[in-house]
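Asks: Could you have a look at this structure, given as structure tokens, before my questions?
The values are calculated or read from the model by the stated rules, or taken from the named source; none is laboratory data. Not measured: the values here are computed from a predicted model. FYI the Cβ positions are ideal-geometry reconstructions off the backbone, even for glycines, and counts take in every protein chain you see. Keep in mind that these areas ignore ligands, DNA and RNA; they rest on the heavy atoms of the full protein, side chains included. Shrake-Rupley method; radii C 1.70, N 1.55, O 1.52, S 1.80 Å.
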Amino acid sequence: MKRRGDKIVMVTSYDAPSARLSDAAGIELVLVGDTAAMVMLGHDSTIPVTLDEMIFLTRAVTRAARRPLVIGDLPFGTYEISDEQSVGSAIRMVKEGGADVVKLEGAGRMVSRVRAIADSNIGIMGHIGLTPQSATKLGGFKAQGRTADAAVRLVEDALALEEAGCFAVVLEAVPAPVAARVTQSLSIPTIGIGAGAGCDGQVLVWHDLLGLYAGRTPRFVKRYAELADEIGSALESYVADVRSGAFPEDRHTYSMPEDELAEFEQEVAELER
Ligand code: KIV
């Protein structure tokens, strides 16, 4: 697709219904992102989510997504210690979660993890720029690569990840000209999030895209629906209907034959005597 100049579409997914809808929409890449920690599990950051939790969510997605490539995100603490640890986590994600490939964040020391995973015949996606798992070290959720030196480092990191075996790299919160330059330098695709139109593809978080997340959304998010509002008013109508007796109506209930009903009432009346 990169060679043809066809844009690649990626979205996050954490359950079977969203995976089924993404598949039906013709989306190429589905990421079971560790953003699940925030949008699904109610944490303040991506740090607390465990590998077991990510595998549980990935299994639901892989059951429903037939055509898209499913990427299982390796959460914080499951690959930093050693190459062996990273390969063990990637194997679990593929074997138990059913993910087609995995993703991890960072370059530098993580390049060796990427190489170890790729050498184990598991496809691996990189993720540089704003890497939420190291947001504290980066000084918060801030755009990256905004000085010439930092931008050059991003190009170097991306090249190192490609050389180590990544099949694609996510560029998060990076100035558009820098992301476009990284994209030109690589033969593998770049998938941008807050990185401008010059990337080979784009990714958005399911809840951000659909207006389902009540927390702060970054400026790079485009909302294509306001489903939280729709769900809110649907729930208010349901509450009002139950309280007023407007729901359920006859058409929402089951009937029984008249003679069975008469016999039932007679038997209960005898029981109560
Ligand atoms: O975890 C995630 O959802 C991600 C995307 C923001 C790329 O890494």
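Asks: With a cut-off of at most 15 other beta carbons within 10 Å, and DSSP calling the residue loop, which trypsin sites (Lys or Arg not before Pro) in the range 105-177 qualify? Please list them.
Replies: Numbers: sites: R109, R113, R115, K137, K142, R146, R153; in loops: R109, K137, K142, R146.
Here the trypsin sites (Lys or Arg not before Pro) that fit, given the DSSP loop and packing criteria, are R109, K137, K142, R146.
Asks: Quick check on my link table: of K103/K137; K7/K222; K2/K137; K2/K95; K95/K222; K2/K142, which ones sit more than 26 Å apart, alpha carbon to alpha carbon? Display every interim value, and only then the final one.
Replies: Working: K103/K137 20 Å; K7/K222 17 Å; K2/K137 33 Å; K2/K95 29 Å; K95/K222 34 Å; K2/K142 28 Å.
Flagged as over cut-off: K2/K137; K2/K95; K95/K222; K2/K142.
Asks: Counting only protein chains, not ligands or nucleic acids, how are T136, T147 ordered by accessible area (probe 1.4 Å), most first?
Replies: Sorted by accessible area, descending: T136, T147.
Asks: Normalised by the number of residues in the range 150-271, what is the relative contact order in percent for Cα pairs under 8 Å and 6+ residues apart? List each step's numbers first, then the result.
Replies: Working: 124 pairs, mean separation 17.1, N = 122.
So the answer I get is 14 percent.
Asks: Specify the longest stretch of the chain that does not include any exposed loop site, a site being one of the chymotrypsin sites (Phe, Trp or Tyr not before Pro) with a non-H, G, I, E, B DSSP assignment and at most 14 other Cβ atoms within 10 Å. Don't jump to the answer; show the numbers that get you there.
Replies: Numbers: sites that count: F141, Y224, Y254.
Between the exposed loop sites, the longest stretch runs 1-140.
Asks: Arrange the residues K222, K103 by how much accessible surface each exposes, largest first, with a 1.4 angstrom probe. If you can, show how the numbers build up before the last one.
Replies: On the way: K222 115, K103 5 Å².
From most accessible down to least: K222, K103.
Asks: With the full set of protein chains in place, find how many percent of the accessible area of the chain is carbon and sulfur; take the probe as 1.4 Å. List each step's numbers first, then the result.
Replies: Values: 8070 of 14740 Å².
Answer for the chain: carbon and sulfur cover 55 percent of the accessible area.
Asks: Please report the relative contact order for the chain, taking Cα pairs under 8 Å with a sequence separation of at least 6, and give it as a percent rounded to a whole number. Show your work: numbers first, answer last.
Replies: Values: 489 pairs, mean separation 37.5, N = 273.
Computed value for the chain: 14 percent relative contact order.
Asks: May I pose another question? Measure nothing but the geometry: give the 0 to 90° angle between the long axis through the Cα atoms of 176-185 and the longest principal axis through the Cα atoms of the chain, rounded to 10°.
Replies: 70
Asks: Give me the number: length gained by fully extending E270 to L21, i.e. 0.36 nm times residue separation minus the C-alpha to C-alpha distance, one decimal in nm.
Replies: Working: separation 249, 0.36 × 249 = 89.64 nm, distance 5.40 nm.
84.2 nm is the gain from fully extending E270 to L21.
Asks: Please give me the summed charge of the neighbours of Q202: other residues whose Cβ is under 10 Å from its Cβ, Lys and Arg +1, Asp and Glu -1. Could the numbers behind the result be given before it?
Replies: Working: positive: K7, K222; negative: D200.
It works out to a net charge of +1.
Asks: Report the full-extension gain for the segment D259 to R223: residue separation times 0.36 nm, less the Cα-Cα distance, to one decimal in nm.
Replies: In short, 7.3 nm is gained.
Asks: Hey, can you find the accessible area per residue of the chain for me, probe 1.4 Å, expressed in square angstrom?
Replies: Numbers: 14740 Å² over 273 residues.
For the chain, the per-residue accessible area is 54 Å².
Asks: Given contacts defined as C-alpha pairs under 8 Å and at least six residues apart, what's the relative contact order of the range 13-112, whole-number percent?
Replies: On the way: 172 pairs, mean separation 29.0, N = 100.
Normalised by residue count, the contact order of the range 13-112 is 29 percent.
Asks: Same structure again: Could you check the spin-label model distance between V152 and A135? Points 7 Å from the Cα along Cα→Cβ, value in nm.
Replies: So the two model labels end up 3.1 nm from each other.
Asks: Report the semi-axes of the equivalent ellipsoid for the chain in whole Å, largest first, where each axis is √(5λ) for an eigenvalue λ of the Cα gyration tensor.
Replies: Working: eigenvalues 428, 91, 59 Å².
The equivalent ellipsoid of the chain has semi-axes of 46, 21, 17 Å.
Asks: Leaving ligands, DNA and RNA out of it, work out the accessible area of E230 with a 1.4 Å probe and give it in Å² to the nearest 10.
Replies: Its accessible surface works out to 120 Å², give or take rounding.
Asks: Quick one: what does P(r) look like for the range 133-273 with 10 Å bins over all Cα pairs, in whole %?
Replies: Computed distribution, short to long bins: 10, 24, 19, 12, 9, 10, 8, 7, 2, 0.
Asks: Just the accessible area for E226, please: 1.4 Å probe, Å², rounded to the nearest 10?
Replies: 90
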